[in-house]
Amino acid sequence: MAADAGLHGRLPPHFTTPGSSSFSEFLGHAAPDLLPSHRELPGGVIDVPHGTTIVAVVHASGVIMAGDRRATIGNLIAQRDIEKVFLADDYSVVGIAGTAGLAVEMVRLFQVELEHYEKMEGHVLSLDGKANRLSAMIRGNLSMAMQGLAVVPLFAGFDLDGGLGRIFGYDITGGRYEEHSFHSVGSGSTFARSALKKRYRNGVSEAEAVKLTVDALYDAADDDSATGGPDLTRGIWPVVMSVTDAGARRLPEDEVGAVVATVVGERMTNPGG
Amino acid sequence: MTQPFYVSPEQLMKDKSDYARKGIARGRSVLTLAYDDGILFVGENPSNALHKISEIYDRIAFAAVGKYNEFENLRAAGVRYADLRGYQYARRDVTSRGLANWYAQALGTHFVESGKPYEVELVVAEVGEKQADDQLYRLTYDGSVAEEHAFVVMGGNSEPIGTYVKEHHDPTVSLEVALQLGVHALSRSPDGTSRTLAADDLEAAVLDRTRPRRAFARLLGPRLERLLGQESSST
């Protein structure tokens, strides 16, 4: 078994190699079959769930990231309440659009990667360091992306050195692009970004930024069938994460629900926002 | 042709044990004490960077005495073991019992097969939802593993410290009381005199069962001084 932790005696060499604090590097030696990038794919196209729109907005005291709740397989809705935005660690969040199964696996690996580094080194990676690690993981997925199993993340966090919220966008080759005010990925991102472009102002407050993201997701769902709008009958709202100098947290359902109610109320009289 | 001298297995093991024990006794002691909300680790360690006490996983911590490079290597292996297990299965499937067994196998095999044994003694601790679920394992250089309750004293001048802690420690006390008892025990010299250990001389950390996911936290700076009752006037 590849992931044999050496129960029959000595510590296996990968476990005691000094100098490496990367979990995925260790996994590549100890259990390569667990790494998403080490898999060989048969040819052909398969229908699997896809996650869609993620938005992020920088505000005066940090950054907000939000994602809709829909996953689709072709023209079908695969899941109504999928979660695509996650806490990466205490000061960063990651949202993923694309092949849902791979995306969730990649987020899990990324979370362990950050915590592993912190435990091994005794201090937390810089925000740029975290963004670069994510780059490397996306690059490792390139061959799967070429077969239609692309994963495109959006990463945001609070930079404790610079004292500000920052957003990083990616392409499928692992290219990393810092965005200074707002960004969106996924099938509805064109509409979400246009909405943000018209409404965003420098120095918005945290509460205004939350409303901006919910508004942008509403606009994305309005025009993109793969993006889910707020589900008023079931009470399913977007996942909204906030990162400030106090850390990263998920906004409670009732707080997001109140913002959704305001947005929907406004659209009753002015559907275009 | 010269024949090597015959050495009996008993003598060989005894020599290795003596060697390891001497190495471990040279360092300073580290104490592990249960308190009402978790498990406290405290040791004399003037360095802020070279730790004897570390986080392994959500509810699991590691404390060691002996040769730094050796236990640091074991600590790193433990973090890798735990993160691999947690990634492969689920976070709650990583247990201190599994880790202690893994360490015991590794230490035991090394002790028998290698010329020089590890000069280390370890504690693997885990906090549960309530105190009855807490687990404490002590591992020695030869791979022996023992489950302990309420407290463990390792390294340095451990016997008199152990006697003192055994007489005075109560696992239901608060963190503050447990810490002060621990520091008092560490500051006693074999000849009966006592030194003063300030916050700067100590390394202390807790596994706090009331913390949401990662129970491990270091006690640093002002918080440590406050708990020790040594608050400086400037803070």
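The values are calculated or read from the model by the stated rules, or taken from the named source; none is laboratory data. Since the model is a prediction, treat every value here as computed from it, not as a measurement. Please note: Cβ atoms are built from the backbone with ideal geometry, for glycine as well, and neighbour counts cover all protein chains shown.
When A:114, A:125 are checked against the criterion of being of a type in the set (A, V, I, L, M, F, W, C) and in a loop (DSSP other than H, G, I, E, B), A:125 stands alone in meeting it.
Scanning for something touching a Gly at 6+ places or on another chain (Cβ under 6 Å) and farther than 21 Å from residue A:236 by Cβ, does the stretch A:192-206 turn up at least one residue? No - not one qualifying residue is present in the stretch A:192-206.
Looking at B:123, B:112, just one residue is crowded, with 17+ Cβ neighbours inside 10 Å and either in a strand (DSSP E or B) or not hydroxyl-bearing (Ser, Thr, Tyr) (or both), and that residue is B:123. Looking only at the stretch A:93-132, count every residue that is away from chain B (no Cβ under 13 Å), within 20 Å of residue A:36 (Cβ to Cβ) and among the polar types (S, T, N, Q) and tell me the total. Going through the stretch A:93-132 one residue at a time, the tally reaches 2. Of all residues in the stretch B:170-214, those satisfying the criterion of being within 22 Å of residue B:133 (Cβ to Cβ) and surrounded by fewer than 11 Cβ atoms within 10 Å (Cβ to Cβ) are B:210, B:212, B:213. Residue check: residue A:52 meets all listed conditions (1) within 19 Å of the chain's Cα centre (by Cα); (2) within 14 Å of another protein chain (Cβ to nearest Cβ); (3) at pLDDT 85 or above but one, namely (2). Among the residues making up the stretch A:217-233, those that are out of contact with any Ser or Thr (no Cβ under 7 Å at 6 or more places or on another chain) and assigned to a helix (DSSP H, G or I) are A:218, A:219, A:222, A:223. For the stretch B:34-54, the set of residues classified as assigned to a strand (DSSP E or B) and within 14 Å of another protein chain (Cβ to nearest Cβ) consists of B:53, B:54, listed by residue number.
Residues that are within 19 Å of residue B:68 (Cα to Cα) and of a type in the set (Phe, Trp, Tyr) within the stretch B:10-37 comprise just one, B:19. Filter the stretch A:136-146 down to residues that are buried (at least 19 other Cβ atoms within 10 Å of the Cβ) and modelled with pLDDT of 90 or more, then give me how many there are. Number satisfying all stated conditions: 2. Among the residues of the stretch A:211-227, none qualifies, meaning not one is polar (S, T, N, Q), touching a Lys or Arg at 6+ places or on another chain (Cβ under 8 Å), surrounded by fewer than 21 Cβ atoms within 10 Å (Cβ to Cβ) and under 30 Å from residue A:43 (Cβ atoms). If you go through the stretch B:97-139 and pick out every residue that is over 20 Å from residue B:23 (Cα atoms), over 17 Å from the mean Cα position of the chain (by Cα) and away from every other protein chain (no Cβ under 13 Å), you end up with 6. Residue pairs whose Cβ atoms lie under 7 Å apart, sitting 6 or more positions apart in sequence or on different chains, and linking a residue in the stretch A:23-36 that is within 7 Å of another protein chain (Cβ to nearest Cβ) to a partner that is surrounded by 16 or more Cβ atoms within 10 Å (Cβ to Cβ) and among the acidic types (Asp, Glu), are A:23/A:113; A:23/B:83.
Scan the stretch A:31-51 residue by residue and report those that are part of a helix (DSSP H, G or I) and out of contact with any Pro (no Cβ under 7 Å at 6 or more places or on another chain). Listed by number, the residues that qualify are A:32, A:33, A:34, A:36, A:37.
Per this entry, residue B:87 is counted among residues that are crowded, with 19+ Cβ neighbours inside 10 Å and free of Cβ contacts under 8 Å to residues at least 12 places away in the same chain. Each residue in the stretch B:55-86 was checked for being within 14 Å of chain A (Cβ to nearest Cβ), more than 16 Å from residue B:136 (Cβ to Cβ) and among the small types (Gly, Ala, Ser), and 4 pass. Residues that are in contact with a Phe, Trp or Tyr (Cβ under 8 Å, 6 or more places away or on another chain) and at the interface with chain A (Cβ under 8 Å from one of its Cβ atoms) within the stretch B:87-96 comprise just one, B:87.
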